[in-house]
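The values are calculated or read from the model by the stated rules, or taken from the named source; none is laboratory data. What you see is a predicted model, and the numbers here were worked out from it, not measured in a lab. A quick note on method: Cβ atoms are made from the backbone with ideal geometry, for glycine too, and the neighbour counts reach across all protein chains shown.
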């Protein structure tokens, strides 16, 4: 048993630890980017454009309902 402990980690174990560390770091960076992206409000011009289109559509629908 003492002989196994003095041998240390094999090369493949060290490679696996390094690869897992890199993947963990990339996942952490992904979560930071997603967190910052969720805090930034979307472009308000697009929201206003879609709201104006919805208002126009409801006005046209009202006209169609009253004309029939």
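Being at pLDDT 85 or above, on the phi < 0 side of the Ramachandran plot and surrounded by 10 or more Cβ atoms within 10 Å (Cβ to Cβ) is the requirement here; does residue 38 meet it? First the steps, then the outcome.
Details: at pLDDT 85 or above: yes; on the phi < 0 side of the Ramachandran plot: yes; surrounded by 10 or more Cβ atoms within 10 Å (Cβ to Cβ): no.
No: the conditions fail for residue 38.
Between a first residue in region 1-20 that is at pLDDT 90 or above and a second residue that is surrounded by 10 or more Cβ atoms within 10 Å (Cβ to Cβ) and not in a helix (DSSP H, G or I), which pairs have beta carbons less than 8 Å apart while being 6 or more apart in sequence or on different chains?
Once the first residue is at pLDDT 90 or above and sits in region 1-20, its partners that are surrounded by 10 or more Cβ atoms within 10 Å (Cβ to Cβ) and not in a helix (DSSP H, G or I) give 17/9.
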